[in-house]
Amino acid sequence: MKLAPANRIVLFCLLMMAGTIWDIWTKHVVFRDLGYPYGIAQPVAGEHEIFEPEHLVEGRSIDYLTAPPIGFQLTTSFNEGALWGIGQGYTWLFASLSFVAITGVVLWLFVFGAAESKWLTVALGFISAGTLGNLWDRLALHGCEINGRTMYAVRDFLDFQLGTYHWPIFNFADVFLVTGAIMLVIHSFFADMEERKSQHETEGNSVAADEAAPSSGSNEQGDDSSPDAEKLQTSA
């Protein structure tokens, strides 16, 4: 086992902690101020000291961006599934997978040597931050309740509209997860290109060596015939 460089450990830990804290803090601020969520029978009232609510509706702010085709506002929502609402009702499953993911990231970085790459260190730092931020919510550490029911669910609030399409509400943990995943895809693409380039260079060197071998043999034959030629000339 090769020890990871100290600066990579520091970089990973800083990204993971900063991203996790930012995600949890923004959720706390938005949900406390706007209330939650829009459309339930007995909404929890917000403080309305930071964000202006939409027509005094709990859980929804006014439009902060109305530049067609893009619209943006804050809308509090509880998501009991995964990214973009996939797999509703399986919070326990996604919480378990989060523990597995964090364990896998740590092993990949610091046991199998991925931390030697700064790009991979940053990518996995983002993924870890997003995983921990949403895991905090799935374990209900946020303390949110609706009608006396503890919400083992992720808090989402970033609400975008693209033309007539209403993008699924998300949070900063989701942003970190997607950013890290995109970075992994990019790394995989360039790593594959480097591997192919290395393979072509190896094959080229092998072909060049094979072509050089016969010519060496020919030169040796030519050298062997020279003394015979000299002997014939001497005899003559």
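So which residues in the range 154-168 are in contact (Cβ under 8 Å) with a residue 24 or more places away in the chain and surrounded by fewer than 22 Cβ atoms within 10 Å (Cβ to Cβ)? Let's see the steps before the verdict.
Of all residues in the range 154-168, those in contact (Cβ under 8 Å) with a residue 24 or more places away in the chain come to 154-163, 168.
Those that are in contact (Cβ under 8 Å) with a residue 24 or more places away in the chain and surrounded by fewer than 22 Cβ atoms within 10 Å (Cβ to Cβ): Leu158, Phe160, Gln161, Leu162, Gly163, Pro168.
Taking Phe99, is it at pLDDT 95 or above and surrounded by fewer than 17 Cβ atoms within 10 Å (Cβ to Cβ)?
On the way: at pLDDT 95 or above: yes; surrounded by fewer than 17 Cβ atoms within 10 Å (Cβ to Cβ): yes.
Spelling it out, Phe99 is indeed at pLDDT 95 or above and surrounded by fewer than 17 Cβ atoms within 10 Å (Cβ to Cβ).
Is it true that some residue in the range 107-120 is modelled with pLDDT of 90 or more and closer than 15 Å to Asp174 by Cβ?
no
Out of curiosity, is Ser128 of a type in the set (Ser, Thr, Tyr) and within 15 Å of Trp22 (Cα to Cα)? Break it down stepwise before answering.
On the way: of a type in the set (Ser, Thr, Tyr): yes; within 15 Å of Trp22 (Cα to Cα): yes.
Yes: the conditions hold for Ser128.
Here are some residues: Ile21, Ile50. Which one is out of contact with any Phe, Trp or Tyr (no Cβ under 9 Å at 6 or more places or on another chain) and outside any loop (DSSP other than H, G, I, E, B)?
Numbers: Ile50 fails: outside any loop (DSSP other than H, G, I, E, B).
From the options Ile21, Ile50, the qualifying one is Ile21.
Quick check on my filter: what residues within the range 132-159 are assigned to a loop (DSSP other than H, G, I, E, B) and more than 30 Å from Ile70 (Cα to Cα)? It would help to see each step written out before you state the result.
At the first step, the residues of the range 132-159 found to be assigned to a loop (DSSP other than H, G, I, E, B) are 139-144, 147-148, 151-153.
Residues satisfying the conditions are Leu139, Ala140, Leu141, His142, Gly143, Cys144, Asn147, Gly148, Met151, Tyr152.
Just one of (1) touching a strand residue (DSSP E or B) at 6+ places or on another chain (Cβ under 8 Å); (2) closer than 19 Å to His166 by Cα; (3) among the β-branched types (Val, Ile, Thr) trips up Val44, so point out which.
Of the numbered conditions (1) touching a strand residue (DSSP E or B) at 6+ places or on another chain (Cβ under 8 Å); (2) closer than 19 Å to His166 by Cα; (3) among the β-branched types (Val, Ile, Thr), the odd one out for Val44 is (2).
When the residues of the range 69-94 are filtered to those that are crowded, with 17+ Cβ neighbours inside 10 Å and within 18 Å of the chain's Cα centre (by Cα), which remaining residue is modelled with the lowest pLDDT?
The residue in question is Leu83.
Quick check: anything in the range 25-33 of a type outside the set (Asp, Glu), in a loop (DSSP other than H, G, I, E, B), crowded, with 19+ Cβ neighbours inside 10 Å and at negative phi? First the steps, then the outcome.
The first filter runs over the range 25-33 and keeps only residues of a type outside the set (Asp, Glu), leaving 25-32.
Checking which are in a loop (DSSP other than H, G, I, E, B) leaves us with none.
Checked the range 25-33: no residue is of a type outside the set (Asp, Glu), in a loop (DSSP other than H, G, I, E, B), crowded, with 19+ Cβ neighbours inside 10 Å and at negative phi.
Which of (1) at pLDDT 90 or above; (2) hydroxyl-bearing (Ser, Thr, Tyr); (3) more than 21 Å from Val175 (Cα to Cα) is the odd one out, the single condition Thr66 does not satisfy?
(1)
The values are calculated or read from the model by the stated rules, or taken from the named source; none is laboratory data. Keep in mind the model is a prediction, meaning the values are calculated, not measured. FYI the Cβ positions are ideal-geometry reconstructions off the backbone, even for glycines, and counts take in every protein chain you see.
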